[in-house]
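Heads up: the structure comes next, in structure tokens.
The values are calculated or read from the model by the stated rules, or taken from the named source; none is laboratory data. The shown structure was predicted, so the numbers you read here are calculated from the model rather than taken from an experiment. Ideal geometry is used to build each Cβ from the backbone, glycine not excepted, and the neighbour counts take in all protein chains shown.
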Amino acid sequence: MSPSALSPFAIAIVRAPTRHAPDPTLVTTVKPTHFRSCRENPYIALDLWLIIDNYFRIGENNWYKSPMGSRWFRWLTPLWVLTVLGTPVWAQDAEFELEDFDFWAEQCLLLSQDTDYEKTLEACETAIGLKRKRDNLELWSARSRALFELGQYVDAIGSYNRVLEVAPRESVALAYQCASYVQLSRLDDAIATCEQALAINGSWGTDSPALAWYYHGLALQTMGRLETALGSYGRALRVDPENVMARAGQCAVAAELGYSGGAGNSYRGCTLGESVVAYEQALAQQPDTETLWFQQGLALEQLGRYAQALTSYEQAITLVEDYSLALAHQCGVLNQLEDFETALAACDAALAGNGKWDRLGPGYAWSQRSAAQVGAGDYEGALASADRAVALLPDYPGGWNNRAVSLWHLEQLHEATVAITTAYSKEKDILETLATETFDRSYQESPILFHRRRVFTAFNQGSILLDLGAHTAAVEAYQRAEAVLADWQPQLVGGQLVSDDFLARLWSNFAIALHATGDRGRFWQAGDYAERATQFAPESYEIWYNSGLIQSAVGNYGYALDALTQANELDPEQPDLASAWYKLGDDALRGYQLPIAWEALQRAAMVTPDNIDIAIRQGEVLDRAGCSQTALQYYELLLNAAPDNTLVAERHRNLMATLSTEGAPFVSASTVDVSQCTQLFPPAPTPPPSSPLPASLPILP
């Protein structure tokens with residue numbers, strides 16, 4: 001065995017003098033802490049016996065000269081050491097305790113320097129229990145910090161009160177009481193306590209006033225007093241420029257208020273993305289702090305990075321399983337990810353959780369629960385949840401918005417209109433308040449989330465009005481959504497206010513509303529928005545299909561042909577494609593875009609080959625293209641296939657009369673060669689002659 005492998009006791013024995021006066025340093029080697037070590041390692045217990053034996057062999061008062069120094073007692077001693085002290089803890093029937101205050105006090109203070117807060121708490125409470133009447137300031141401080149780190153915030157506040165009774169100027173105790181109040185959502189108490197700590201500015205221990213300024217800012221941020229919170233975070237950074245938690249909070253709030261990236265301001269470059277990085281740095285130092293995980297999730301949610309936000313919220317919930325606020329936001333991002341069943345479970349867990357909320361309280365969870373039920377198709381349940389949200393938060397637009405959506409799905413359009421109008425009215429009230437209040441104004445929810453919800457409200461209002469036939473009002477609602485996006489999307493550096501899929505639906509519906517007004521001056525806008533929609537959802541059949549219909553209706557027949565061709569490639573089995581092709585053919589025929597009309601009708605005939613109406617329209621295309629003889633042959637074929645069809649007979653008869661009047665000859669044929677109609681089928685252009693490559697170009701292998 002190498003010397004490094006020996007226990008401290010064995011090393012002491014190696015160095016111990018033999019057969020001379022006792023070494024006082026050897027005596028001090030054996031301390032109360034050693035007896036605790038004996039319980040965990042029998043070899044250490046044996047070392048302890050050897051020290052005792054070696055000590056009492058030497059010196060003027062040789063212990064072995066006494067009656068108890070007989071040989072049998074000398075060997076009984078190691079037996080006692082090994083059985084009583086050396087027996088491992090798991091092999092003992094009863095917990096071994098030393099009623100030694102100094103031992104437990106030393107353990108309390110030593111363990112408090114580590115992160116094993118459970119053992120710290122046990123040691124501190126044992127020491128305090130042995131001598132309750134002492135002031136024990138250091139022990140109570142260590143106990144209080146352990147309670148705080150273990151998440152026992154109520155007990156931590158009480159424990160710090162004992163510290164403050166002994167040392168009223170212990171500012172660090174007040175700062176951790178403030179932090180505990182923040183964790184308990186007692187935000188007014190938190191702000192008052194942090195301010196008291198800063199006013200006293202007494203002892204901060206190993207911390208600094210930055211601790212109180214940070215939690216002061218966090219409490220204000222949670223209350224929605226964002227400008228004031230920004231000031232507190234700034235004070236924390238003045239005291240401690242390396243405080244990553246304060247930097248993260250400052251960037252998060254500055255970005256929400258629209259201060260990010262502005263030239264000349266002190267928050268330049270302080271974006272939500274920057275705050276996410278700062279939270280990562282803070283979490284590297286404090287990975288078990290659920291509040292940091294939640295704040296990071298909130299920043300990611302605002303950026304529209306829902307999958308990453310979900311991971312952060314899940315980390316917070318792993319640390320505190322019944323964390324109501326984190327569970328409610330987990331429900332919200334799951335709704336955005338369209339995992340509605342899991343979202344519903346998260347909202348239910350939030351409502352049954354620890355009751356830690358922000359300024360919106362459980363009304364936010366009820367609103368998100370309604371959204372999850374809408375996604376899952378439970379519209380009656382969604383309406384009931386939205387009603388609970390409205391009852392708890394009558395001024396919160398989100399609850400009214402979800403109520404409107406639930407009613408719309410239940411086809412109660414007029415009630416839905418009332419609800420969505422109320423949501424819009426509440427948003428206007430909030431905007432007016434924010435425009436007139438002072439520096440200490442309060443935001444009901446995160447500004448980014450509020451403005452994102454404004455886009456959703458405008459979209460929903462436009463869609464409901466569109467269904468009601470109020471097309472001009474629907475256009476105004478969609479214009480409002482576009483204006484919010486124009487104002488706030490640039491502020492969200494590195495993020496998205498709404499998803500690409502949502503934008504595709506917004507622009508598609510906007511195009512439909514513009515066309516539905518019947519204002520031909522808006523038709524070009526309708527075509528523009530229809531084309532824009534396809535850019536945000538290039539893999540969506542529905543968006544391409546809608547774009548084709550809109551482009552056809554407003555006279556952009558070439559765009560319509562391209563859009564419907566793309567929809568056909570994405571899902572050629574869709575039965576409604578036949579009607580879309582037919583509509584394009586009919587519209588292009590009316591607009592004298594005859595080649596496009598023929599192509600579209602041919603596509604329609606391929607989907608529904610037995611549709612006689614499509615064939616009749618094809619005959620009309622041939623006739624208008626000046627291919628009268630070909631058209632007549634075409635009608636003749638149709639009559640052979642459908643001799644009782646009066647419309648075909650009428651078209652055939654009218655064309656015969658026209659040709660007879662004009663004196664043109666008519667030759668019947670059993671087949672129709674439409675390629676002879678050059679207006680529909682112009683000859684293919686001759687490709688230009690190929691040119692030789694410049695000599696300077698390298699020859700590729």
Problem set entry | Among the residues listed as Leu485, Leu466, Leu549, the single one being over 28 Å from Gln336 (Cα atoms), in contact (Cβ under 8 Å) with a residue 24 or more places away in the chain and part of a helix (DSSP H, G or I) | Leu549
Problem set entry | Pair list, Cβ < 6 Å and 6+ apart or interchain, from the range 354-377 residues that are more than 21 Å from Trp408 (Cα to Cα) to residues that are among the acidic types (Asp, Glu) and in a helix (DSSP H, G or I) | none
For this session: Answer yes if at least one residue in the range 332-339 is on the phi > 0 side of the Ramachandran plot, surrounded by fewer than 20 Cβ atoms within 10 Å (Cβ to Cβ) and out of contact with any Pro (no Cβ under 6 Å at 6 or more places or on another chain), and no otherwise.
Result: yes
For this session: Of the numbered conditions (1) surrounded by fewer than 24 Cβ atoms within 10 Å (Cβ to Cβ); (2) touching a helix residue (DSSP H, G or I) at 6+ places or on another chain (Cβ under 8 Å); (3) among the small types (Gly, Ala, Ser), Gly377 fails exactly one; give the number of that condition.
Result: (2)
Exercise. Which pairs have Cβ atoms under 7 Å, sit 6 or more apart or on different chains, and link a residue in the range 385-401 that is within 14 Å of Phe456 (Cβ to Cβ) to one that is part of a helix (DSSP H, G or I) and of a type in the set (Val, Ile, Thr)?
Worked result: Pro397/Thr457; Gly399/Val390; Trp400/Val390; Trp400/Thr422; Asn401/Ile420; Asn401/Thr457
Exercise. Taking only pairs six or more apart or across chains, which ones have beta-carbon atoms under 7 Å, a first residue in the range 207-226 that is over 17 Å from Arg186 (Cα atoms), and a second residue that is small (Gly, Ala, Ser)?
Worked result: Asp207/Ala175; Ala210/Ala236; Ala210/Ala246; Leu211/Ala175
For this session: State which residue pairs qualify: first residue in contact (Cβ under 8 Å) with a residue 40 or more places away in the chain and inside the range 166-179, second residue surrounded by fewer than 24 Cβ atoms within 10 Å (Cβ to Cβ) and aromatic (Phe, Trp, Tyr) in any location, beta carbons under 9 Å apart, and separation of 6 or more residues or different chains.
Result: Ser171/Trp204; Ala175/Trp204
Problem set entry | Residue among Ala504, Ala578, Ala511, Ala533 that is modelled with pLDDT under 95, touching a helix residue (DSSP H, G or I) at 6+ places or on another chain (Cβ under 9 Å) and not β-branched (Val, Ile, Thr) | Ala578
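Okay, residues lined up against (1) of a type in the set (Gly, Ala, Ser); (2) closer than 23 Å to Gly304 by Cα; (3) buried (at least 21 other Cβ atoms within 10 Å of the Cβ):
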{"site": "Ala423", "(1), (2), (3)": "yes, yes, yes"}
{"site": "Glu427", "(1), (2), (3)": "no, yes, yes"}
{"site": "Leu434", "(1), (2), (3)": "no, no, no"}
{"site": "Gln444", "(1), (2), (3)": "no, yes, no"}
{"site": "Ile464", "(1), (2), (3)": "no, no, yes"}
{"site": "Ala470", "(1), (2), (3)": "yes, no, no"}
{"site": "Gln491", "(1), (2), (3)": "no, yes, yes"}
{"site": "Phe502", "(1), (2), (3)": "no, yes, no"}
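Here's the yes/no breakdown for (1) in contact with a His (Cβ under 6 Å, 6 or more places away or on another chain); (2) surrounded by fewer than 23 Cβ atoms within 10 Å (Cβ to Cβ); (3) within 18 Å of Leu584 (Cα to Cα):
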{"site": "Arg522", "(1), (2), (3)": "no, yes, no"}
{"site": "Ala526", "(1), (2), (3)": "yes, no, yes"}
{"site": "Arg532", "(1), (2), (3)": "no, yes, no"}
{"site": "Ser547", "(1), (2), (3)": "no, no, yes"}
{"site": "Ser552", "(1), (2), (3)": "no, no, yes"}
Exercise. Take the residues of the range 621-654 that are closer than 19 Å to Pro609 by Cα and of a type in the set (Gly, Ala, Ser): which is modelled with the highest pLDDT?
Worked result: Ala631
